[in-house]
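Some notes on the structure that comes next.
Values quoted throughout were computed directly from the atomic coordinates according to the rules given, and no laboratory measurement underlies them. Since we're looking at a predicted model, the values are computed, not measured. We place every Cβ from the backbone using ideal geometry, glycine too, and count neighbours over all the protein chains shown.
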Amino acid sequence: MLTDNYINGETRPAVGGATDPVVNPATGSVIGEVASSSAADVDTAVKAAAAAFAEWSAKTPRERSEILHQVADIVEENVEELSQLECLNVGKPVSIIEFEMDQLCDNWRFFASAGRFLEGKAAGEYLEGYTSMVRRDPLGVVGSIAPWNYPLFMATWKLGPPLAAGNTVVLKPSELTPYTALRLAELLDGVLPPGVFNVVCGRGETAGVALVEHPDVVMVSLTGSVAAGKSVAKHASDSLKRVHLELGGKAPVIVFDDADIEAVVANLRDNSFYNTGQDCTAPCRVIAGSRVHDDFVARLTDAAGSVVTGDPTDADTEMGPLVSDGQLDRVSGFVDRAVDAGAEVTVGGATRAGAGFFYEPSVVVGVDQASEIVQQEVFGPVISVQSVPDEETALAWANDCDYGLAASVWTNNVGRAMRMAKGLHFGTVWVNDHIPIVSEMPHGGFKLSGYGKDMSLYAVEHYTELKHVMVKH
Ligand code: NAD
């Protein structure tokens, strides 16, 4: 169980029987082996998805919606088990998992209904003697590639919109966290027709690249790192496939001198260390007004120091381990290099001795705009804080970054909030908050954070093509 691929409604080992180990990050122990797929496995899955496309795409929006609402029912009914698997495989504390499960259940509900609202906007006589209309049609087989930080949540974003629009999908979960995708496939067996939803496990450089290069895959949707996004875009270019990329982030948190400092600190305590900071929109790059900077840093340091870290199965734990030893090396490397370059760590800054991949909640100050820790995505429980003299500089620093996924601005001045919201070059801008998302609103980045939107009707539209039909009469 939970070892084989799911293709055409059947579980199958990878051709040749290759597997990858699955590790519990809280202990560092191997807890299972999962299929490590090759191009041959991907080909079987894509062929199954291609064969299933005719029937699935021919269903009416109502018929697909009814089936996808059944999917939502099944996910909701099995939230407990799926949560436990996610905690085991990602090291998520049991105390935090409810939030993302609630969100993804709502996402399924939303996508199930949203497929009924697709429309072409024009219908009429734009040339005498002709009637034109616009059709919005599904594309075919979509290759969806998910990351490890929110395996089931991101799989939902990679599955719901394409399926709702009438496409069939081959999903490749991260090789580090395949369990919930495989369990979802088992749970949905018999609900979605065979071949509509397939799961192929394996590594990015093998199974992932094979999916991107497959000639019968018409679109690839990736949530992952910038490096993976660039590789996907390159490999997709030979066949000019559509590409949808949700990549990294480095979210600025601009705290003006008139902001409610207590609210900002409370938000960062909750959200910067949520999922051990492994969140593409995590508030991680504070740009604080020079008058409030010192007070803010003192309060944030206390708040970060109070986060309860440790065993994810303990109900009191707020922050668990990082996902892998590689991620632990990555995060500690960023902080160590920042300190070598002259930064000060006011709290944290160390790994925890013993088993598992634990790193302390950390705050780093005394960093300048060009420094690596300000410019690069750390993807761990680390917040940098800079002191900024004025609004113009705050906006310039916030935008002076290769990423453009999410940002927040904290101020009681409405005019300033509006100016910043307009000027910030990020896919989401929050004012006096940071993190809330809703199914109805788009999520997606600018610049190296990628392109395409997850969630909202815009996401469903992205998995369709527009066709102009012109009738002479
Ligand atoms: P990753 O890029 O290492 O892997 C993501 C997925 O892509 C995995 O399934 C992996 O096997 C696959 N992959 C890797 N290289 C590939 C290639 N060359 N071709 C095809 N597939 C390939 O990312 P990760 O470490 O799993 O996730 C963390 C990253 O994801 C962070 O950068 C984070 O910011 C980003 N992320 C973004 C969003 C968003 O909505 N923008 C959400 C979550 C995570």
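Considering just Cα atoms, how many Å³ per residue does the convex hull of segment 295-372 enclose?
Once divided by residue count, the hull of segment 295-372 is 96 Å³.
Sorted from fewest to most neighbouring beta carbons within 10 Å, what does the list L222, L171, L448, L192 look like? List each step's numbers first, then the result.
Values: L222 30, L171 26, L448 19, L192 23.
In increasing order of surrounding Cβ atoms, one gets L448, L192, L171, L222.
Per DSSP helix of 4 or more residues, -39500 (n - 2.57); summed, then divided by the residues of the chain. What does that give at 222 nm, rounded to the nearest 500? Intermediate values should be presented prior to the final figure.
Details: 15 runs with 178 residues, N = 473.
Counting only the DSSP helices, I get -11500 deg cm²/dmol.
Post the alpha-carbon centroid distance, segment 373-442 to segment 195-231, in whole angstrom.
Between the Cα centre of segment 373-442 and that of segment 195-231, the gap is 31 Å.
Mind listing the long-range amide H neighbours of I145? Cut-off is under 5 Å, sequence gap 5 or more, other chains count too, H placed in the peptide plane at 1.01 Å from N.
For I145, whose amide H was placed from the backbone, the distant partners under 5 Å are K172, S221, L222, T223.
Kirkwood Rh over Cα pairs of segment 1-68 into Stokes-Einstein at 10 °C, 1.306 mPa s: D in µm²/s?
Details: Rh = 14.3 Å.
So the translational diffusion coefficient is about 111 µm²/s.
Bins of 5 Å, beginning at zero and ending with the bin holding the largest distance: percent of Cα pairs per bin for segment 153-285, please.
All Cα pairs considered, the percentages come to 2, 9, 16, 18, 16, 12, 10, 7, 5, 3, 1, 0.
Starting from the Kirkwood Rh over alpha-carbon pairs, what translational D in µm² s⁻¹ does segment 27-107 have by Stokes-Einstein at 10 °C and 1.306 mPa s?
On the way: Rh = 15.9 Å.
Diffusion coefficient, whole number: 100 µm²/s.
Note down the relative contact order for the chain as a percent, whole number, built from C-alpha pairs under 8 angstrom at least six residues apart. Mind showing how you got there, number by number?
Working: 1122 pairs, mean separation 91.1, N = 473.
In percent, rounded to a whole number, it is 19.
What list of ³J(HN,Hα) values in whole Hz, one per residue of segment 429-444 in order, does the Karplus curve 6.51 cos²θ - 1.76 cosθ + 1.60 (θ = phi - 60°) give from phi, with Gly and Pro shown as x?
10, 9, 10, 6, 6, 7, 2, x, 10, 9, 4, 6, 9, x, 10, x
For segment 399-473, what percent of Cα pairs sit more than 15 Å apart?
On the way: 1784 of 2775 pairs.
More than 15 Å apart: 64 percent of the Cα pairs in segment 399-473.
Quick one: which residues, 5+ away or cross-chain, put their amide H under 5 Å from the amide H of V22? H built at 1.01 Å from N.
Sorted by chain and number, the residues that satisfy this are I31, G32, E33, V34.
Under Stokes-Einstein, with the Kirkwood radius over Cα pairs standing in for Rh, what whole-number D in µm²/s applies to segment 244-367 at 25 °C and 0.890 mPa s? The partial results should precede the final answer.
Numbers: Rh = 15.3 Å.
Value of D from the Cα-based Kirkwood radius: 161 µm²/s.
Excluding residues fewer than 8 places away in the same chain, name every one of the lysines whose C-alpha is closer than 24 Å to that of K234.
K47, K158, K172, K250, K447, K453
I need the peptides 283-292, 146-155 ranked by packing, meaning the mean over residues of other C-beta atoms within 10 angstrom, with the highest value on top.
On the way: 283-292: 22.4, 146-155: 24.9.
The most tightly packed comes first, giving 146-155, 283-292.
Roughly what would the spin-label model give for R337 and F446, points 7 Å off Cα along C-beta, in nm?
2.6 nm
So if R0 is 41 Å, what FRET efficiency would M418 and A123 give, r being the distance between their Cβ atoms, rounded to the nearest 0.05?
On the way: r = 37 Å, r/R0 = 0.91.
With R0 = 41 Å, the Cβ-Cβ based efficiency is 0.65.
Please report, largest first and rounded to whole Å, the three semi-axes of the ellipsoid equivalent to segment 1-144, where each semi-axis is the square root of five times an eigenvalue of the C-alpha gyration tensor. If you can, show how the numbers build up before the last one.
Numbers: eigenvalues 294, 104, 32 Å².
Semi-axes from the Cα gyration tensor: 38, 23, 13 Å.
Computed over the Cα atoms, what is the radius of gyration of segment 333-388 divided by 2.2 N^0.38 Å, N being its residue count? Show your work: numbers first, answer last.
On the way: Rg = 11.3 Å, N = 56, 2.2 N^0.38 = 10.2 Å.
For segment 333-388, the normalised Cα radius of gyration comes out at 1.11.
If each residue of separation counts as 0.36 nm, what is the full-extension length gain between K230 and I74 once their alpha-carbon separation is subtracted?
Gain in length upon complete extension: 52.6 nm.
Can you list the aspartates and glutamates whose alpha carbon is less than 19 Å from that of K467, not counting same-chain residues fewer than 8 positions off?
E119, E125, D137
Pop out the Kirkwood hydrodynamic radius of segment 329-437 from its pairwise C-alpha distances, inverse of mean 1/r, in Å to one decimal. Walk me through the intermediate numbers first.
Details: mean 1/r = 0.0652 Å⁻¹.
After inverting the mean inverse Cα-Cα distance, the result is 15.3 Å.
Kyte-Doolittle mean at least -0.5 and Cα extent at least 20 Å along the axis: which DSSP H helices of the chain qualify? Walk me through the numbers before you get to the answer.
Details: long enough: 39-58 (29 Å, 0.62); 61-77 (24 Å, -0.74); 97-114 (25 Å, -0.14); 325-340 (22 Å, -0.44).
Length and hydropathy pass: 39-58, 97-114, 325-340.
Efficiency by 1/(1 + (r/R0)^6): what FRET value for F99 and E33, r their Cβ-Cβ distance, R0 = 35 Å, to the nearest 0.05? Walk me through the numbers before you get to the answer.
On the way: r = 30 Å, r/R0 = 0.87.
Efficiency computed from Cβ-Cβ geometry: 0.70.
Can you give the Rg to Rh ratio for the chain, taking only C-alpha atoms and Rh from Kirkwood?
On the way: Rg = 22.9 Å, Rh = 23.1 Å.
Reported Rg/Rh (Cα atoms, Kirkwood Rh): 0.99.
Report, by chain and number, residues whose modeled amide H sits under 5 Å from the one on F197, excluding near sequence neighbours (fewer than 5 apart, same chain).
Under 5 Å from the amide H of F197 lie the amide H atoms of V169, each far enough along the sequence or on another chain.
Output the antiparallel fraction of DSSP beta bridges having both residues in the chain, as a percent to the nearest 5. Numbers along the way, then the final one.
Numbers: 31 of 72 bridges.
The answer is about 45 percent antiparallel.
Provide the FRET efficiency to the nearest 0.05 for the S132-E372 pair, computing r from the beta carbons and using R0 = 45 Å.
Numbers: r = 54 Å, r/R0 = 1.19.
With a Förster radius of 45 Å, E is 0.25.
Please compute the volume of the convex hull spanned by the alpha-carbon atoms of segment 64-209 and report it per residue in Å³.
On the way: hull volume 18.0 nm³, N = 146.
Measuring per residue, one finds 123 Å³ for the Cα hull of segment 64-209.
Between A40 and V191, what is the spin-label point distance in nm, taking each point 7 Å from the Cα along the Cα→C-beta axis?
For A40 paired with V191, the spin-label model returns 3.3 nm.
Around P442, under 12 Å between beta carbons, what's the net of Lys plus Arg minus Asp minus Glu among the other residues?
On the way: positive: K453; negative: E246, E440, D454, E461.
With Lys, Arg at +1 and Asp, Glu at -1, the neighbours total -3.
In whole Hz, with x marking every Gly and Pro, tabulate ³J(HN,Hα) for segment 208-224 from phi via Karplus 6.51 cos²θ - 1.76 cosθ + 1.60, θ = phi - 60°.
x, 4, 4, 5, 5, 7, 4, x, 8, 8, 8, 8, 10, 10, 10, 10, x
Short version: ³J(HN,Hα) in whole Hz for each residue of segment 375-384, in order, from phi by Karplus 6.51 cos²θ - 1.76 cosθ + 1.60 (θ = phi - 60°), x for Gly and Pro, what are they?
8, 9, 6, 7, 6, x, x, 10, 10, 9
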